[in-house]
Amino acid sequence: MSSDFYCDEVLSGKTEVTKVVETENVLAYYHTKPSYPVHIVTIPKKHISSLLTLEDSDNELLLELMHVVKTVAAKVTEENGACRVITNLGDYQDSKHLHWHVISGKLLNS
């Protein structure tokens, strides 16, 4: 079974994060190991493994999640002139918990 950093570390409180937006069901925070100068992660507080595993019963949560992604993306775009909104699937998805990256700037050295 793959690890779920978001449930195991972030939502449990084991790893402290700098919050950007928090609602009852969604959390957006600055990435703990950013790959870009601006790197914000937005997650549902409910475990959903992937965009592909969403159920019809998750529709309201998905709307709330996308509202937070839109809010964060608008703020990042206003402050930086542009941003990208990315979600990964399959082998590209390291943590099997639905999440969206809102990024701006050039890829940092890894």
Open item on the list: Full-extension gain between Glu64 and Leu107, please, as 0.36 nm times their residue separation minus the C-alpha to C-alpha distance.
Closed with: 12.6 nm
Task: Fluctuation leader among Ile48, Ile86, Ile40 - the chain, Gaussian network, Cα springs under 10 angstrom - done: Ile86
TODO: Would you calculate, for the chain, the mean residue ellipticity at 222 nm contributed by helices, counting each DSSP H stretch of 4 or more residues as -39,500 (n - 2.57) and dividing by all residues, to the nearest 500?
DONE: -7000 deg cm²/dmol
Task: For the chain, built as a Gaussian network whose Cα springs stay under 10 Å, the top-fluctuating residue of Leu89, Leu52, Leu62 - done: Leu52
TODO: Run the dipole for the range 5-104 about the Cα centre, Lys and Arg Cβ at +1, Asp and Glu Cβ at -1, nothing else charged, and hand back the magnitude in debye, nearest 20.
DONE: 300
Open item on the list: Projecting each Cα onto the charge dipole of the chain (Lys/Arg +1, Asp/Glu -1 at the beta carbon, about the Cα centre), which of Thr23, Leu54, Thr71 comes out farthest on the positive side?
Closed with: Thr71
Open item on the list: Using Cβ counts within 10 Å as a stand-in for footprinting exposure, how do Tyr6, Tyr30 rank, fewest first?
Closed with: Tyr30, Tyr6
TODO: Using only Cα atoms, find the angle between the long axis of helix 59-80 and the longest principal axis of the chain, and express it within 0 to 90 degrees, rounded to the nearest 10.
DONE: 10
Task: Residues of type lysines that Lys46 reaches as a straight line, Cα spacing below 20 Å, ignoring anything fewer than 8 places off in the same chain - done: Lys14, Lys19, Lys70, Lys96
Task: Label point at Asp8 placed 7 Å out along Cα→Cβ; residues across the range 65-103 whose backbone nitrogen lies under 11 Å - done: 95-96
Open item on the list: If I build a Gaussian network model for the chain, linking alpha-carbon pairs within less than 10 angstrom, which residue out of Ser50, Ser12, Ser35 has the largest mean-square fluctuation?
Closed with: Ser12
- [ ] Provide the descending list of Cα extents for the chain along its principal axes, expressed in whole angstroms.
- [x] 36, 29, 27
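Every number here is computed from the coordinates shown, using simple stated rules; none is lab data. In this text the structure is predicted, and so the values were computed from the model without any measurement. Virtual Cβ from ideal backbone geometry, glycine too; neighbours counted across all protein chains shown.
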